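First the structure, in the form of structure tokens, and then the observations on it.
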């Protein structure tokens, strides 16, 4: 867990699915270790399912949500009320980003060019910049890669 300003940021990474017949632990206020305080959630891959569930079932605990290469059961997406950034690689053949954008009312969809499904591995620096910018600016989120590249010396 890290911090974006005054709020904690919790990272949720996907794990292997449970064995057949085993129900995963339900998402709840204690699942992310924030002590009941509101946080920003950043979910990678199949961790998106748990983060979407947390945001839908406990909207008072999630200020902003980031879904990177989302996978899993995202059936509760329509119930997500918080500002959400959906990140998908431009080379990812799945169309889940557009589907989530349609289902989550307050959301942005961003494609990271040159990345496949595993955006975190394919373009880590760009992904970090994108997440940092979104968590810092929220509704004022705008990407200007020229500015970011010149300030990073790239």
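The values are calculated or read from the model by the stated rules, or taken from the named source; none is laboratory data. What you are looking at is a predicted structure, and each value in this text was computed from that prediction instead of being measured. When we count neighbours, we look across all protein chains shown, and the Cβ atoms used for this are built from the backbone with ideal geometry, even at glycine.
Pull up the range 95-111, narrow it to residues that are outside any helix (DSSP H, G or I) and in contact with a strand residue (DSSP E or B) (Cβ under 8 Å, 6 or more places away or on another chain), then point me to the one that is surrounded by the most Cβ atoms within 10 Å (Cβ to Cβ).
Taking the candidates together, the pick is 104.
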Practice task
Out of the residues in the range 39-54 that are touching a helix residue (DSSP H, G or I) at 6+ places or on another chain (Cβ under 8 Å) and part of a helix (DSSP H, G or I), state the one that is modelled with the lowest pLDDT.
Solution key: 54
Practice task
Please state which of the following conditions residue 65 fails to meet, knowing it meets all the rest: (1) at pLDDT below 90; (2) buried (at least 21 other Cβ atoms within 10 Å of the Cβ); (3) within 19 Å of residue 137 (Cα to Cα).
Solution key: (1)
